[in-house]
Amino acid sequence: MAAVSACRRPATGLSGPVAYPIIGALHAMDGHRDRPFRRFAELARQYGPVYAMTMGSMPCVIVNDYPSIKEVLITNGSKFGGRPDFLRYNVLFAGDRNNSLALCDWSWLQETRRKIARTYCSPKVCSSNYGLLDSIASDELEVFLKSLAAITVHGSERVVQVKQPLLMACANMFTRFMCSTQFDYGDHEFQTMVRTFDEIFWDINQGYAMDFLPWLKPFYVGHMRKLSTWSVYIRRFMMDAIVSKRSSYTKAVSATMDNDCQGNDDEDDVEEEPTDFTDALLINLRKEPRLQMDHVLFELEDFIGGHSAVGNMVMLTLSMVATRPHVAQAIRDEAQQVTGGQRLVRLYDKPNMPYTEATMFETLRVISSPIVPHVATEDTTIRGFKISKGTCVIINNYEINTSPAYWDNPSVFDPNRFIHHKSGAKSCIRKPEYFLPFSTGKRTCIGQQLVSGFGLVLLAGILQRYEVKATAELAIPEARLALPPDTYPLILTPLNGSL
């Protein structure tokens, strides 16, 4: 009771750790820098599922239970559409995080860009775009497996740095689908681009004291310079290797330089059909006067950068499987049943491979990849408590993903928890509403279909060809989807008689 009586009662009416000048309530993290969400869960048992916690100078509310999370993301989602104004986010996006699709505040720009992307990132199964996804995933899987075969010998066990070629395969899947551009794995510029995106993905998944204590910026000068260098490199690569080669880019530049074209009087624009996502962005740049070239470049970067999430997720799933051979065998058996052992798994096989998809979901549950914090864009409430505009809301899905209140035996890795087995009917995925690997509501991850589709094809394809084992260096992160760019290898042994 002493700890509770010591805490302040903020304007929200919520209890929480006492805040001191300058540092706020950061002292309550009690040395849990690498496991902040575990600490948030511990504090929830002291202060309740929703509590106030000033982080440095930033007023925050930590939300730890599903009813409250649902209120933030769905019921009152329109009032929590902002993102925290971290210095790192701004540096990564040319001084303004609102250039980013994921890290910007909700606005007409966010809505417009999501509308353009929806056709390509969430294609219907019967659409031509879905057929293209299937073809690209299969083609690139073959290229990727050939790259692995070049560093393994039939029947022999090899320690392999899987992550790098895996990320290149994911990157090519994205650039082929969104930009109609394919790169060779030996291309140095391509390798650098993939590595740089992975560095950025790793950094965004970290927490830094400077995020909540911006006065520490002088101590992070070198780090901020590195972020800026990465950002500039990615932008130049996208422009030089992809965007500037488009005829639609030339038209877009001409249109933005000619004020007479601002009125959207060009009849050709109405008839023009985009060849891919890049074209769609450039065509909309000419049609929408409020869009600028930077908006197009950053949106393209955001979606191409999604390959890092796919690659890291597959690498983590392989790591889980590497210590659980029965899971790997179950995926192989499912692939055998679907393909008849005559070919590699395709994207169109996904509805018939619930166990493989469930294995990825179970990996996401166990690691509890965090949801990007939200910020209240107006005065509102959570569970009746007043929340002031500008308050940062931290969603603790670690608590939901690991609590016995939501899962049976949550410490056990069991993909079957996501499968609905019905007598006489085909098994299918059953995803509880409180499982939020891609968030939910208006700011749900628009690329989740690409993540799960490409991820499934890569995971199944690798296991059709190889037995995967862990090395002593294997280390699974907590509440983090990212692995370090230079991470642990895996042991690959080619399977006899593999495709």
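For this structure, a couple of remarks:
- Cα gyration tensor shape for region 139-250, rounded if a/c is under 1.5, else prolate or oblate: oblate
- What region 345-499 shows is 39 Å² of accessible area per residue, with the surface traced by a 1.4 Å probe over protein heavy atoms.
- Nearest-0.05 FRET efficiency for T75 and S135, computed from C-beta distance (R0 45 Å): 0.65
- Shape call, region 23-106: gyration tensor on alpha carbons, a/c limit 1.5: oblate
- Positive-end extreme of charge dipole, region 383-493 - chosen from P415, I462, C428 (charges on Cβ): C428
- Within straight-line cross-link reach of K469, aspartates and glutamates at Cα separation under 15 Å, skipping those fewer than 8 residues along the same chain: E157
- Temperature 20 °C, viscosity 1.002 mPa s: under these conditions the Stokes-Einstein estimate for region 64-175, based on its Kirkwood radius over C-alpha pairs, is 118 µm² per second.
- Span per principal axis, largest first, for the Cα atoms of region 292-369 (Å): 50, 29, 16
- Other-chain or far-sequence residues with amide H under 5 Å of G24's (modelled H): G56
- Relative frequency of Cα-Cα separations exceeding 40 Å in the chain, percent: 24
- Label-point gap, in nm, between S247 and Q206 - each point 7 angstrom along Cα→Cβ: 4.6
- Region 150-192: projected area of the alpha-carbon convex hull, averaged over directions, in nm²: 3.7
- Computed from point charges on the beta carbon alone (+1 for Lys and Arg, -1 for Asp and Glu), the dipole magnitude for region 340-415 about its Cα centre is near 200 Debye.
- Total charge dipole magnitude, region 74-184, about the Cα centre, Cβ charges on Lys, Arg, Asp, Glu only, Debye to nearest 20: 400
- With a Förster radius of 22 Å applied to the C-beta separation of K422 and H326, the computed FRET efficiency comes to 0.45.
- Residue-level accessible surface for E378, protein heavy atoms, 1.4 Å, Å²: 80
- Extension gain from K431 to L499, taking 0.36 nm per residue of separation minus the Cα-Cα distance: 21.3 nm
- Across all directions, the average projected area of the convex hull around the alpha carbons of region 275-404 is 13.2 nm².
- Per-residue Karplus couplings for region 193-200, computed as 6.51 cos²θ - 1.76 cosθ + 1.60 with θ equal to phi - 60°, are listed in order as 4, 5, 5, 5, 4, 5, 4, 5 Hz, Gly and Pro entered as x.
- Within the chain: Cβ-based charge dipole about Cα centre, in debye rounded to nearest 20 (Lys, Arg +1; Asp, Glu -1): 1640
- Rounded if a/c under 1.5, otherwise prolate or oblate - region 395-486, Cα gyration tensor axes: rounded
- Reachable lysines, given that their alpha-carbon falls under 30 Å from the alpha-carbon of K226 and they are not under 8 places away in the same chain: K163, K217, K245
The values are calculated or read from the model by the stated rules, or taken from the named source; none is laboratory data. Since we're looking at a predicted model, the values are computed, not measured. Quick reminder, even Gly has a Cβ in these numbers, built from the backbone with ideal geometry, and neighbours come from all protein chains shown. Note: areas computed on protein heavy atoms with side chains; ligands, DNA, RNA excluded. Shrake-Rupley method; radii C 1.70, N 1.55, O 1.52, S 1.80 Å.
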